[in-house]
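Q: Quick one: this structure, given as structure tokens, is what I'll be asking you about.
The values are calculated or read from the model by the stated rules, or taken from the named source; none is laboratory data. Everything numeric in this text was worked out from a predicted model, so none of it was measured. Reconstructed Cβ throughout: ideal geometry from the backbone, glycine too, with neighbour counts over all protein chains shown.
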Amino acid sequence: MIGRLRGVLLEKQPPEVLIEVSGLGYEVQLPMSSFYALPDTGEEAIIYTHFVVREDAQLLYGFADKHERAMFRELIKVNGVGPKLALAILSGMSANQFVQCIHNDAVSTLVKLPGVGKKTAERLVVEMKDRLKNWTGADLLTPESDRMAFENELNNHGVNGDAKEEAISALVALGYKPALADKVIKQVYQEGMDCEALIRSSLKSML
């Protein structure tokens, strides 16, 4: 199993990156919460991974730290939750926020995530409450760290002329319908926002 990659980021197209390790290029899909923590292209990055082998594909999912990967692994144990849905959940909210939703039986918040209907949300609460009872906010991403990461994205990245289109494509890849993605991006867009800032703001506005 491939559990960790350390190499140079060649491409960043949310929610996927291409990272070169010893001459090999690995395509890795990440939740947006981890994507925001990545350095710029051309710089070295460390990604903790979960390797999935299917009949028709071999897929790598990446995470900024072991705690987020552990949450992903807990999520895919739930009946009806596959890697794509787990990725969408961790893109829509931080791991800490998800834990709070489970502890507070916040089904109404969970159903706002793409692919999460009422039955799936209720199943998540029932199946994960005991598993997550020992998880604490100190172990996970926090709302404060989310805010700081968002501000860093606004300050450190240049504006891409295709930012809106790239953001819409990323939201669709995460499971949102194209019409909804287009509508939300237009609502949150402000002059100077890049793709990652647009995605982050859009995801927050839908919760």
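Q: In segment 32-52, which residue that is of a type in the set (Ser, Thr, Tyr) and in contact (Cβ under 8 Å) with a residue 60 or more places away in the chain is surrounded by the fewest Cβ atoms within 10 Å (Cβ to Cβ)?
A: Only one residue tops the list, namely 36.
Q: Anything in segment 165-180 that is part of a helix (DSSP H, G or I) and out of contact with any strand residue (DSSP E or B) (no Cβ under 9 Å at 6 or more places or on another chain)? List them, or say none.
A: Those that are part of a helix (DSSP H, G or I) and out of contact with any strand residue (DSSP E or B) (no Cβ under 9 Å at 6 or more places or on another chain): 165, 167, 168, 171, 172, 178, 179, 180.
Q: In segment 36-59, which residue that is of a type outside the set (A, V, I, L, M, F, W, C) and in a strand (DSSP E or B) is farthest from residue 204 (Cα to Cα)?
A: 58
Q: Please tell me if residue 56 is out of contact with any strand residue (DSSP E or B) (no Cβ under 9 Å at 6 or more places or on another chain), loosely packed, with under 14 Cβ neighbours inside 10 Å and not assigned by TED's automatic domain parsing to the domain that holds residue 125.
A: The answer is yes for residue 56.
Q: Go through (1) in a helix (DSSP H, G or I); (2) in the same structural domain as residue 135 (by TED's automatic domain parsing); (3) not β-branched (Val, Ile, Thr) and name the single condition residue 33 misses.
A: (2)
Q: Does segment 174-195 include one or more residues that are at pLDDT below 85, touching a Ser or Thr at 6+ places or on another chain (Cβ under 6 Å), under 21 Å from residue 35 (Cα atoms) and outside the structural domain of residue 99 (by TED's automatic domain parsing)?
A: yes
Q: Among residues belonging to segment 126-164 that are assigned to a helix (DSSP H, G or I) and modelled with pLDDT of 85 or more, point out the one that is farthest from residue 68 (Cα to Cα).
A: 126
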